[in-house]
Amino acid sequence: MRKKIGVAAASSALLLGGLATAPASAGDSSGGGSEAAAITCAAGDTCFWVHINYGGNRGRVAGNNGDFRDFPQGQCASGTWNDCVSSIANRGRECTVYFWTGFNYTGRYHSLSRNDEVPNFAAAPPVGYNDPAFNDAISSNHWCSPR
């Protein structure tokens, strides 16, 4: 199964990676996005977008990040990427990435295999997770193992 959900109560050590943000392509200025936008995610990164279907601004990480409040994003209500991710793509070089609803890899998570993407968390598999509550709920990410 390429996508999994899990629950965790314990926290883990914070290992900060890098995060950069970039505006979506000019064709995405309406915030609607398109699945083709996911292909713009660079090799080695996992990317995420403010809106479903890869719309709005894009962020990217290449390491473990225990707190998405550390990364500014003007299109988000909080002013950061915390609880603002609506679509994701994994272009990592080696492994699965895990997205968590809590800081420091706590709460619920979904995994995303290499070269996979999810344009809408509410969509039924294999397109999404059938989990609308995961939209705008991501607070941390960890590579290769849940933590």
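General remarks:
- For residue 78, net neighbour charge (Lys/Arg +1, Asp/Glu -1) across residues whose Cβ lies under 13 Å away: -3
- Rounded is the label for segment 43-147. Its Cα gyration tensor axes, ordered a ≥ b ≥ c, give a/c under 1.5.
- Prolate/oblate/rounded label for segment 73-118 (Cα gyration tensor, a/c 1.5): oblate
- In order through segment 112-122: 3J(HN,Hα) via Karplus (6.51 cos²θ - 1.76 cosθ + 1.60), integer Hz, x for Gly, Pro: 9, 5, 4, 6, 10, 8, 9, x, 7, 4, 7
- Across segment 88-104, computed HN-Hα scalar couplings (Karplus, 6.51 cos²θ - 1.76 cosθ + 1.60, θ = phi - 60°) run 9, 8, 10, 10, x, 7, 10, 7, 6, 10, 10, 9, 10, 7, x, 5, 6 Hz from first to last residue, x flagging Gly and Pro.
- Cβ-defined net charge surrounding residue 92, 9 Å radius [Lys, Arg +1; Asp, Glu -1]: +1
- Prolate/oblate/rounded label for segment 44-103 (Cα gyration tensor, a/c 1.5): oblate
The numbers here are math on the coordinates, done by the rules we state, and not lab data. Bear in mind the structure is a predicted one, so any value in this text is a computation, not a measurement. Note that each Cβ is placed from the backbone with ideal geometry, even for glycine, and that neighbours are counted across all protein chains shown.
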